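The numbers here are math on the coordinates, done by the rules we state, and not lab data. These numbers come from a predicted model, not from an experiment. All Cβ positions, glycine included, derive from the backbone under ideal geometry; neighbour counts span all protein chains shown.
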Amino acid sequence: MNNQKCNSKENYPPIAGRSTSTQKPVADGFKIPLIPGSRPLQNSHKANEKDQPGKSEVKNVKKKHWTLSDFDIGRPLGKGKFGNVYLAREKESKYVVALKVLFKSQILDSDIEHQVRREVEIQCRLRHPNILRMYGYFHDDKRIYFILEYAKHGALYKTLKQMGRFDEKTAAIYVRDLTRALIYCHSLKVIHRDIKPENLLIGNDWELKIADFGWSVYSPSSRRMTLCGTLDYLSPEMLEGKPHNYAVDIWSLGVFCYELLVGLPPFDAKNSQQTYKKIKYVIIKYPDYISDKAKDLMGKLLVINPEQRLPLSCVLKHPWIIENAPEGVSMPVFNTEQNKTD
Ligand code: AMP
């Protein structure tokens, strides 16, 4: 039905760029990445400022190093595999942030030090309205603390579960905004590689924010984590251990679009072998209520050959996006109880 053509070639790097900043060893063997010029709470994003009237951004921060005593700690916001996230307020500026606390011992035991380091190095440098800001970090003997932008409406996964599925307009706005954020990441040679609703947060105005740039997080309510990690979102080339590039994020965008519209990922199955087979042969069933334009877009993203997936710039020009999420249209405030589907 939709024979939209878009031949724009995006000039992507073959593999994700890796930062090479130096590391400072500390007593217990945990190496802390050095972020050149990193000044927590500077240049914070406007969406967050809007919700913090009268709270000045900390523009003239004199000190470079933060400690726990700089913050008032509030309620827990959530629990991850390696630590907890708390609402916190910087004492001097009254600026509200989320403080993610990770235990160094658990990071070392699980051998994910490199992932944590990558998360810090990448996320501290990114500036985009649809990417969660990491203002900085600090550490003590036992813990490392990430100072993060506070995303008022929490995990997108939670909202999706509450609502069942999203209508096409809501889904299209999230797909459009995720696409914009991925275009930005790819332009900086960053491939996310773990796009899924659990790694996306929702800000003040219900806008999407990519979080978690280094590792998959533990999600007790998520079946796929306990069963098979992020198998549902893995591209065929990653599944088969082949070299992969930026196009894995385009595949995940297609999976994400389906999950928003249906409430379950497209390759959901009883066990991981079946999911594996469905991904390998791209076996997808679309419910009747999915529009032809939405199917057309997903069909162009969920393509086995990474080179033939629709470039992200073309996603923004796709008729389904143009119709449902035109430029300038943002997320309506929705009541998760009222808008429940099925
Ligand atoms: P994580 O360990 O990053 O997976 O975080 C666990 C949970 O904490 C998430 O599922 C969210 O509900 C919550 N959370 C994490 N980061 C933030 C944040 N920046 N703002 C608000 N809630 C957050």
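For region 129-137, putting each phi into the Karplus relation 6.51 cos²θ - 1.76 cosθ + 1.60 with θ = phi - 60° gives couplings of x, 9, 10, 4, 6, 10, 6, x, 7 Hz, in residue order, rounded to whole numbers and with x for Gly and Pro.
For Asp141 and Ser110, the FRET efficiency from 1/(1 + (r/R0)^6), where r spans their Cβ atoms and R0 equals 22 Å, is about 0.75. Between Asn84 and Asp292, take the C-beta separation as r, use R0 = 51 Å, and let me know the FRET efficiency to the nearest 0.05. It comes out at approximately 0.70. Relative contact order for region 114-182: what is it in percent, counting Cα pairs under 8 Å that are at least 6 residues apart? With pairs under 8 Å counted, the relative contact order is 25 percent. Here's how it looks for Asn84: its modeled amide H is under 5 Å from those of Val101, which are all 5 or more places away or on a different chain.
What the phi angles of region 102-115 give under the Karplus curve with 6.51, -1.76 and 1.60, with θ = phi - 60°, is a coupling list of 10, 8, 4, 4, 5, 5, 5, 4, 8, 6, 10, 4, 5, 5 Hz, glycine and proline written as x. Applying the Kirkwood pairwise sum to the alpha-carbon positions of region 253-316 produces a hydrodynamic radius of 12.3 angstrom.
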